[in-house]
Structure formats: structure tokens, C-alpha cells
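Everything on this sheet refers to the single structure shown next.
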Amino acid sequence: MKLFINATHFYNAPSGLGVYTQNIVKALLNKYKDVKVFTGNKDVGAYKHSSIVITPKCLNPRRGTSGHILRILWEQSYLWLITLKEKPDILFSTVHEGVALPISGTKQVITIHDLIAIKFPHYFKRLKYYFIHFLPIIIKNSRALICVSESTKRDLFNHYKLKDKSVYVIYPGYDRSIFFPREKKLFKDLGRYFLFVGDMRPHKNLDRLIQAVGELKQYNFKLLIAGKKDKRFYPALSNKVKEYGLEGKVVFLDYVPTEELPYLYSCAEALVFPSLYEGFGLPLIEAMACGCPIITSDIPPLREVCGESAYYVNPYHKDSIAEGIYRLFMDHTLKSKLATMGIERAKVFSWERSADEHVRVFEEITRGHYQQKP
């Protein structure tokens with residue numbers, strides 16, 4: 001089978017979709033030899049057995065709206081033309097982007113991680129138009145869709161007409177060579193701390209998390225926020241910390257390299273992940289694999305990830321978030337129980353298993369078998 005992979009979301013210092021893209025591509029390259037990867041990352045050591053096409057810097061997702069628009073144009077021109085010319089069996093995109101024009105002889109597969117711009121259009125005023133007007137065309141021109149959770153699949157069927165469309169759920173994984181329990185090392189001087197890992201977009205609910213920590217000001221712990229200091233949101237969050245008098249108690253770490261994350265997870269009292277909406281939530285399985293207890297939102301996708309291995313809170317109420325933090329700060333038995341359960345739960349997920357399921361999907365659709373279950 002000849003495979004093209006649209007991996008433009010593989011970039012330096014990745015997070016979220018970048019981490020997913022990097023790992024699923026690496027895993028797929030262990031399954032196939034005849035692969036052409038389109039990526040903006042010049043560190044192509046992991047791709048030595050495949051053909052690499054380095055995409056222009058202007059397509060980098062870090063460029064925001066301009067990068068997104070330019071990627072759409074690149075996909076409808078260069079990627080479309082080279083696909084028509086070389087006729088791979090499968091054109092696979094690791095995200096919700098792809099070719100909207102007909103590509104006879106090639107079956108397109110795209111990955112849907114979430115419908116965040118549909119769920120929270122007031123947070124994504126430009127991106128919502130892509131999801132409303134352009135994504136349906138790409139879906140129509142795709143032979144199969146891969147969703148990262150059953151919850152995302154339900155959202156997909158609720159918002160789009162998917163007649164004669166194969167839809168599969170394939171869970172992401174985590175790098176087992178990196179994420180496992182570590183001894184205190186890099187962060188030994190921080191004392192007791194809770195941890196948030198992710199970006200600063202409003203649906204991550206950092207505003208309420210900071211308020212919840214403010215309710216527990218008298219207790220001797222810190223909240224560490226690991227994620228790029230996004231200039232769109234960081235100033236307001238920093239002002240919120242000052243407003244509540246939490247300087248020194250709430251610490252913004254900025255982007256934390258992947259190799260340091262396991263130590264950060266392993267030493268934390270718990271990962272606090274009070275998101276209002278997610279498609280999956282990679283930090284959850286990374287943290288569980290490191291023996292870090294989980295406090296997270298009681299919403300379907302996150303229950304799907306964590307099962308019974310987390311302490312669930314109402315993300316819309318700061319008092320509920322504060323209660324979760326307090327319980328794990330005070331109850332060492334509960335914390336130990338959740339850590340043990342989380343390590344076992346994380347074993348459900350792996351990139352190798354994810355790649356195997358992708359291979360099964362590619363083989364099914366090339367043989368003409370389809371799956372469609374709302």
C-alpha cells in the first residue's frame with residue numbers, strides 16, 4: 001500500500017495536535033515502507049525509511065489564522081496535484097484538514113479531534129467558519145473519518161450529515177519510553193504543588209481554576225501552569241492571579257519540554273484538568289502513566305479517557321474544583337489509590353495499538369468495507 005501523510009501539524013516544541021501528529025506518524029512508519037510524509041519539521045531522523053517533503057514555513061500552525069489559510073491553499077493546490085500525479089492508495093491527514101477537490105484513485109482519510117469551534121463559537125470567531133462551511137466539503141471528499149473518542153464521534157454525527165461515510169474511533173497513545181513514574185529530580189525544590197498542562201484558551205477553564213486556588217489560599221501548595229504563555233490570554237490570566245493575591249502561589253512555567261514533563265507529573269499532588277470541552281486530553285494519559293492522580297471535569301470525553309481513575313468535578317463551579325484540590329491535598333489514601341488506578345488505566349493506550357487500528361482502517365476501505373455507527 002502506498003501511503004501519503006499530511007503531517008503539517010508536526011512542528012518543533014509541539015503540543016496537542018503536534019504531539020499527536022508526531023507520534024502517530026512515527027508509529028505508522030513502523031508499519032509501512034512506501035510512505036511520503038509532508039511535514040514542516042526539518043528534524044526528519046524518525047522518517048529515514050520514507051520520502052519526506054518539507055513544507056513551507058508559512059504553513060506552521062504556530063502562525064495562527066494566516067498559517068491555517070495558507071495550509072488550506074497549499075492542500076488544495078500542491079497536495080492535491082501531487083496526489084493526482086502519484087496516485088497513493090491512501091491520503092491520510094492527522095487533523096481535520098485535507099483535500100476538498102476530487103482525487104480519483106486515492107482514498108482520503110482525515111482525523112477529527114474535536115468540534116471545539118462549533119461548541120464554543122464565541123471563542124473561535126474565525127475558525128467556526130471553517131468548521132461550518134469548509135470542513136463539510138472535505139468530509140464529503142473523504143472515504144473515512146477517524147475520531148479520537150466516542151464523544152467526538154457523537155458530536156460529529158450530531159452536527160454533520162454523514163451518509164455513506166465510514167467513521168472509526170481510534171484512541172491516541174503516549175510514549176511509554178518517556179512517560180513513567182520518576183523520582184524527584186528537576187522540581188524537587190518546588191514543595192507540594194498541583195499541576196495544569198495545556199494551552200491557555202478559554203475552554204481550558206484556567207480562570208475558574210485560579211479562582212478555585214484562591215479559595216484555598218491558606219493551604220501550603222502551589223499551582224503550576226505548564227503551557228505556552230499565549231499573548232492572547234496570558235495577560236488576563238496573570239492579572240487574575242494578581243487580583244486574587246496569588247503571586248508566588250500560581251506559577252506560569254511557560255512551555256515545558258517533553259523530556260521534563262514526566263518529572264513534573266511524577267512529583268505533583270495531582271494534575272488538575274478542569275476543561276469545559278475536549279476531544280480526548282493527552283495530558284491525562286501522560287499523567288496517569290507517571291503515577292500522577294487526576295482531578296478533571298465530569299464530562300463524557302474525559303470520563304471516557306480516565307474511567308474510574310480520576311476525581312471528577314463540575315468545571316462550571318469553582319467551589320467544586322476547589323473541593324477536588326482540597327480532597328487530594330488532605331487525603332493521602334485517596335491520592336495513592338487514584339495514582340495506582342491511573343497507572344493501570346494508562347496501559348489501555350499506546351501509539352502502537354493506535355497505528356495497528358489505523359492500518360486496519362486503511363485496509364478495510366481499500367477493500368471496500370465500510371463502518372458507520374452513530
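On the given criteria, is Tyr123 more than 17 Å from the chain's Cα centre (by Cα) and not in a loop (DSSP other than H, G, I, E, B)?
It is false that Tyr123 is more than 17 Å from the chain's Cα centre (by Cα) and not in a loop (DSSP other than H, G, I, E, B).
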Any chance Leu237 is closer than 19 Å to Ser275 by Cβ and more than 17 Å from the chain's Cα centre (by Cα): yes
Hey, any hits in segment 316-324 for a residue that's closer than 20 Å to Cys290 by Cβ, assigned to a helix (DSSP H, G or I) and either in contact with a Phe, Trp or Tyr (Cβ under 8 Å, 6 or more places away or on another chain) or at pLDDT 95 or above (or both)? yes
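Taking segment 277-292, which residues are in contact with a strand residue (DSSP E or B) (Cβ under 7 Å, 6 or more places away or on another chain) and either assigned to a loop (DSSP other than H, G, I, E, B) or without any contact (Cβ under 8 Å) to a residue 60 or more places away in the chain (or both)?
Keep residues of segment 277-292 that are in contact with a strand residue (DSSP E or B) (Cβ under 7 Å, 6 or more places away or on another chain), which gives 281, 283-284, 287-288, 292.
Those that are in contact with a strand residue (DSSP E or B) (Cβ under 7 Å, 6 or more places away or on another chain) and either assigned to a loop (DSSP other than H, G, I, E, B) or without any contact (Cβ under 8 Å) to a residue 60 or more places away in the chain (or both): Gly281, Leu284, Met288, Cys292.
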I need a count of the residues in segment 1-21 that are part of a helix (DSSP H, G or I) and either free of Cβ contacts under 8 Å to residues at least 24 places away in the same chain or among the β-branched types (Val, Ile, Thr) (or both). 2
Suppose we keep only residues that are modelled with pLDDT under 95 and either hydroxyl-bearing (Ser, Thr, Tyr) or touching a strand residue (DSSP E or B) at 6+ places or on another chain (Cβ under 7 Å) (or both) within segment 110-137. Which one would you say is most open to solvent (accessible area, probe 1.4 Å)? Tyr129
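Sort through Leu338, Leu334 and tell me the only one that's open to solvent by 20 Å² or more (accessible area, probe 1.4 Å), out of contact with any strand residue (DSSP E or B) (no Cβ under 6 Å at 6 or more places or on another chain) and modelled with pLDDT of 95 or more.
Working: Leu338 fails: open to solvent by 20 Å² or more (accessible area, probe 1.4 Å).
Answer to the selection: Leu334.
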Which condition number does Ala355 fail, the rest of (1) surrounded by fewer than 13 Cβ atoms within 10 Å (Cβ to Cβ); (2) among the small types (Gly, Ala, Ser); (3) within 19 Å of the chain's Cα centre (by Cα) being met? (1)
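Does Ala144 satisfy the condition of being small (Gly, Ala, Ser) and crowded, with 20+ Cβ neighbours inside 10 Å? Give the steps one after another, and end with the answer.
Values: small (Gly, Ala, Ser): yes; crowded, with 20+ Cβ neighbours inside 10 Å: yes.
For Ala144, the condition - small (Gly, Ala, Ser) and crowded, with 20+ Cβ neighbours inside 10 Å - is met.
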Give me the residue from segment 207-231 that is among the basic types (Lys, Arg) and over 20 Å from the mean Cα position of the chain (by Cα) and, out of that set, surrounded by the fewest Cβ atoms within 10 Å (Cβ to Cβ). Lys231
Residues that are under 13 Å from Phe187 (Cβ atoms), of a type in the set (Val, Ile, Thr) and at pLDDT below 95, drawn from segment 227-277: Val256
So, of the residues in segment 16-49 that are in contact with a helix residue (DSSP H, G or I) (Cβ under 9 Å, 6 or more places away or on another chain) and of a type in the set (Ser, Thr, Tyr), which turns out to be modelled with the highest pLDDT? Tyr20
Quick one: in segment 184-206, of everything that is modelled with pLDDT of 90 or more and of a type in the set (Lys, Arg), which residue is farthest from the chain's Cα centre (by Cα)? Arg192
Can you tell me which residues in segment 22-40 are aromatic (Phe, Trp, Tyr) and assigned to a loop (DSSP other than H, G, I, E, B)? Tyr32
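Name the residues in segment 299-323 that are acidic (Asp, Glu) and touching a Ser or Thr at 6+ places or on another chain (Cβ under 9 Å), would you? Walk me through how you get there before you give the answer.
Looking only at segment 299-323, we keep the residues that are acidic (Asp, Glu), and these are 304, 308, 319, 323.
Glu304, the sole residue that qualifies.
The values are calculated or read from the model by the stated rules, or taken from the named source; none is laboratory data. Fair warning: this is a prediction, and the values are worked out from it, not measured in the lab. No Cβ is skipped: glycine too gets one built from the backbone with ideal geometry, and neighbour counts run over all protein chains shown. Protein only, heavy atoms only, side chains kept; ligands, DNA and RNA dropped before computing areas. Shrake-Rupley method; radii C 1.70, N 1.55, O 1.52, S 1.80 Å.
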